[in-house]
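*Asks:* Structure incoming, see below.
The values are calculated or read from the model by the stated rules, or taken from the named source; none is laboratory data. Computed from a prediction, not measured in an experiment: that's the story for all the values here. With ideal geometry, Cβ positions are generated from the backbone for all residues, glycine too; neighbour counts draw on all protein chains shown.
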Amino acid sequence: MTKFWFIVIVVNILTNIYADLEHIVVKGDTLWDIAGHYYNDNFLWPKIYQFNKDKIRNPHLIYPGQVFVIPSKDKIVDISSSTLQKETQQSVETVSEKMQIVYTQQHEQENQQTLQSQEVEPQAVIKQETQLFVKTFNLKEKEIIAEIISTKENKILCIDGDIVYCKMLTKYDLRVNDVLGIYHIGPSKYDISLRNVKKNQLTYIGRLKVKEIKENGIFVGEIKRVYSPVTLKDVLIAPQ
């Protein structure tokens, strides 16, 4: 009898180790957090992405209600880390490229309208476009005026259309409808393409429009475009 229960226990243990699980995404989830929950290692999040590539278009943007397979630990070992990193990098770059193409088309239309309604030098517009897509800068090159301190829906990562609350860090004549650049300082744990950014560097990751100015240096902004996951502590810089 003792031997029987011993076999049952062993089978249960092996089942838990080797069986795939399912995870239903809830509000606020990220692959980073899901990996930490199931594997006690957040850096294994690309493994989950690998097993759910048919459901995940952008590994940094997942949505409530999605159901992901959580591969068992034996399957995790079988995945090549170098291959996984390469595929994840390609996915991020592809999504980023598509987002930039859409934004560039929209921005070109806006520039065309500006040129038609105002006497603006075409060279100035081209220069502005070029500067916009220079992604990485040294901290000393930019003046940080504010930072994102919270979100309306308590999100960890923000996307287009999200409302965020920001705090001024320096004196600046901020006005409603002003558009500010969103920048990330140093490497990002949410974007594999920014893993090698130095701590003293800024990366342009999106833009925000000021919706409402409150008291004590707090203002409300709407994220209009993101090129990389936006999160708390990302900083805001006025266009130069």
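*Asks:* Which condition number does Ile17 fail, the rest of (1) among the hydrophobic types (A, V, I, L, M, F, W, C); (2) modelled with pLDDT under 50; (3) surrounded by 11 or more Cβ atoms within 10 Å (Cβ to Cβ) being met?
*Replies:* Looking at each condition in turn, Ile17 falls short on (3).
*Asks:* Which residues, taken from the stretch 151-175, are modelled with pLDDT of 90 or more and in contact with a Cys (Cβ under 9 Å, 6 or more places away or on another chain)?
*Replies:* Val164
*Asks:* What are the residues in the stretch 185-204 that are farther than 18 Å from Ile62 by Cβ, in a loop (DSSP other than H, G, I, E, B) and touching a residue at least 60 places away in the same chain (Cβ under 8 Å), if any?
*Replies:* Val197, Asn200
*Asks:* In contact (Cβ under 8 Å) with a residue 60 or more places away in the chain and either part of a loop (DSSP other than H, G, I, E, B) or in contact with a Phe, Trp or Tyr (Cβ under 6 Å, 6 or more places away or on another chain) (or both) - does that describe any residue in the stretch 206-215?
*Replies:* No, every residue in the stretch 206-215 fails to be in contact (Cβ under 8 Å) with a residue 60 or more places away in the chain and either part of a loop (DSSP other than H, G, I, E, B) or in contact with a Phe, Trp or Tyr (Cβ under 6 Å, 6 or more places away or on another chain) (or both).
*Asks:* Oh, and also: Is there a residue in the stretch 167-184 that is in contact with a helix residue (DSSP H, G or I) (Cβ under 7 Å, 6 or more places away or on another chain), in contact (Cβ under 8 Å) with a residue 24 or more places away in the chain and either within 30 Å of Phe43 (Cα to Cα) or not charged (D, E, K, R) (or both)?
*Replies:* Among the residues of the stretch 167-184, at least one is in contact with a helix residue (DSSP H, G or I) (Cβ under 7 Å, 6 or more places away or on another chain), in contact (Cβ under 8 Å) with a residue 24 or more places away in the chain and either within 30 Å of Phe43 (Cα to Cα) or not charged (D, E, K, R) (or both), which makes the answer yes.
*Asks:* Filter the stretch 173-192 down to the residues that are under 21 Å from Lys224 (Cβ atoms) and buried (at least 17 other Cβ atoms within 10 Å of the Cβ) and list them by number.
*Replies:* Leu174, Asp178, Leu180, Gly181, Ile182, Tyr183, His184, Ile185, Ser188, Tyr190, Asp191
*Asks:* Right, something else. Only one of these is assigned to a helix (DSSP H, G or I) and modelled with pLDDT of 50 or more: Tyr49, Tyr103. Name it.
*Replies:* Tyr49
*Asks:* Any residue in the stretch 141-153 that is acidic (Asp, Glu), part of a strand (DSSP E or B), surrounded by fewer than 19 Cβ atoms within 10 Å (Cβ to Cβ) and on the phi < 0 side of the Ramachandran plot?
*Replies:* Yes, because at least one residue in the stretch 141-153 is acidic (Asp, Glu), part of a strand (DSSP E or B), surrounded by fewer than 19 Cβ atoms within 10 Å (Cβ to Cβ) and on the phi < 0 side of the Ramachandran plot.
*Asks:* Which residues, taken from the stretch 170-195, are over 14 Å from Leu232 (Cβ atoms) and aliphatic (A, V, I, L, M)?
*Replies:* Leu174, Val176, Val179, Leu180, Ile192, Leu194
*Asks:* Inside the stretch 111-150, can you point out the residues that are modelled with pLDDT under 50 and of a type in the set (D, E, K, R)?
*Replies:* Within the stretch 111-150, Glu119, Glu121, Lys127, Glu129 meet the criteria.
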